[in-house]
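Data block below; observations after.
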Amino acid sequence: MIYRLVWAVLPLLFAAKAYAADPLMDRQLQATGLGTATGGASLFSGAQEGSFFAPYPKRVEKLKRKAATTTQRLTVHGSTEAIYAEWIRGLIAQAEAGKAGYDAVQLSAKIKPPQRPTELTIGEIYAWIKETPGQHHAIGRYQFIPKTLRRLVDHAGVEETARFTPALQDRLADQLLKEAGLQKLISGDMGRKSFMNRLATIWAGLPTSSGKSHYDGYAGNSATMSWGHFEREMAKYFPS
């Protein structure tokens, strides 16, 4: 009889211990059914580490770590526009650079740069272009041609001593996405198909809605991606 009474009272003794959950975790615990709107927690939340009732606080800490990680990840990715831009740049890279990625150089260029593109400065790329006339010079993950590269570099205020890093290449490509109307696409002021056709006027490896490159046959250009694949991938982020 005494043992039964002890076991009946024991949970109430633990419940009497104060448990101050922070507001964020309180909402998360509510959503998972592990807490209440007033910050109430499991009857055993006050148990010390290593005791019979310790697992619950451990689960709380796990949720806290997960929440912190998620917040950090979203902060790194930045704005919604930045996330969309990253996704689209990936599609462009599939069509333009292939496995070479940020170190891609126009395949038909007989004289390659002295080093990998990501190891060169902007000035060294300009020198390579000047010293190797009569060939194509598309370079990097987004296959910037000389005229476009110079315009983007000047627009961004990048010094010629700056290295052609992946980060810089992404930054220059983002300017082209902006010019193509990315903000209008996100806001719904431009349809997906229209935006995709605009991208195809910038990158020859991407197809237009006709299925062919906008520059098909010019300087050996052709679409390296089907319109069907292009549209399916874009539809993952832009359904209409």
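Quick note: the coordinates plus some simple rules give every number you see, no bench work behind them. This structure is a prediction, so every number in the text was calculated from the model and none was measured.
Answer rounded, prolate or oblate for the range 78-235, using the Cα gyration tensor with square roots of eigenvalues a ≥ b ≥ c: rounded when a/c is under 1.5, else prolate when a/b is larger than b/c, else oblate. Oblate. Pairs from the table (K130/K236; K130/K193; K99/K178; K110/K236) lying more than 32 angstrom apart at Cα are K130/K236; K130/K193; K110/K236.
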